[in-house]
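Structure, as structure tokens:
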Amino acid sequence: MPKRIVITGASSEIGQSICKRVIKKGDEAILQCFKNKERCIDVFGDSCKIVSVDFNDANELDNFCKTLND
């Protein structure tokens, strides 16, 4: 059964490397990025869920957590 894995800081090189491994294993990746969502879209397209969230904003964080169940 595939796992659902949230990767924060996904637009960084480390985050992208982790995401590539998660996808290769067949697990579901949810990528969180703040400023560079376009970079994630360029690299991963629609192969995973990409969400732009500012974790310093309580409302955005709350909404992000709610989407994890979607």
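The values are calculated or read from the model by the stated rules, or taken from the named source; none is laboratory data. None of these values were measured; they are calculated from a predicted model. When we count neighbours, we look across all protein chains shown, and the Cβ atoms used for this are built from the backbone with ideal geometry, even at glycine. Heavy atoms of the whole protein, side chains included, go into the accessibility calculation; ligands, DNA and RNA do not. Shrake-Rupley method; radii C 1.70, N 1.55, O 1.52, S 1.80 Å.
Restricting to Cα pairs below 8 Å that are 6+ residues apart, what does the relative contact order work out to for the chain? Please round to a whole percent.
Taking the mean separation of contacting Cα pairs over the length of the chain, I get 27 percent.
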Exercise. So, with +1 on the Cβ of K and R and -1 on the Cβ of D and E, and no other charges, what is the size of the charge dipole of the chain about its Cα centre, to the nearest 20 debye?
Worked result: 400
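So between Lys35 and Ala58, what do we pick up on full extension, going 0.36 nm a residue minus the alpha carbon distance?
Answer, rounded to one decimal: 6.6 nm.
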Exercise. Quick one: accessible area per residue over the chain, 1.4 Å probe, rounded to a whole number of Å²?
Worked result: 70
Problem set entry | Glu28/Cys65 FRET efficiency (R0 22 Å; Cβ-Cβ; nearest 0.05) | 0.85
Problem set entry | Positive-end residue, the chain charge dipole about Cα centroid, Cβ charges, pick of Phe34, Ile7, Thr67 | Ile7
Exercise. Once a ≥ b ≥ c are taken as the square roots of the eigenvalues of the Cα gyration tensor of the chain, is the result rounded (a/c under 1.5), prolate (a/b larger than b/c) or oblate (a/b not larger than b/c)?
Worked result: oblate
Exercise. For the chain, which whole-number percentage of the solvent-accessible area (1.4 Å probe, protein heavy atoms only) is attributable to carbon and sulfur atoms?
Worked result: 50
Problem set entry | Fully extended contour minus Cα-Cα distance, from Val6 to Val43, at 0.36 nm per residue | 11.6 nm
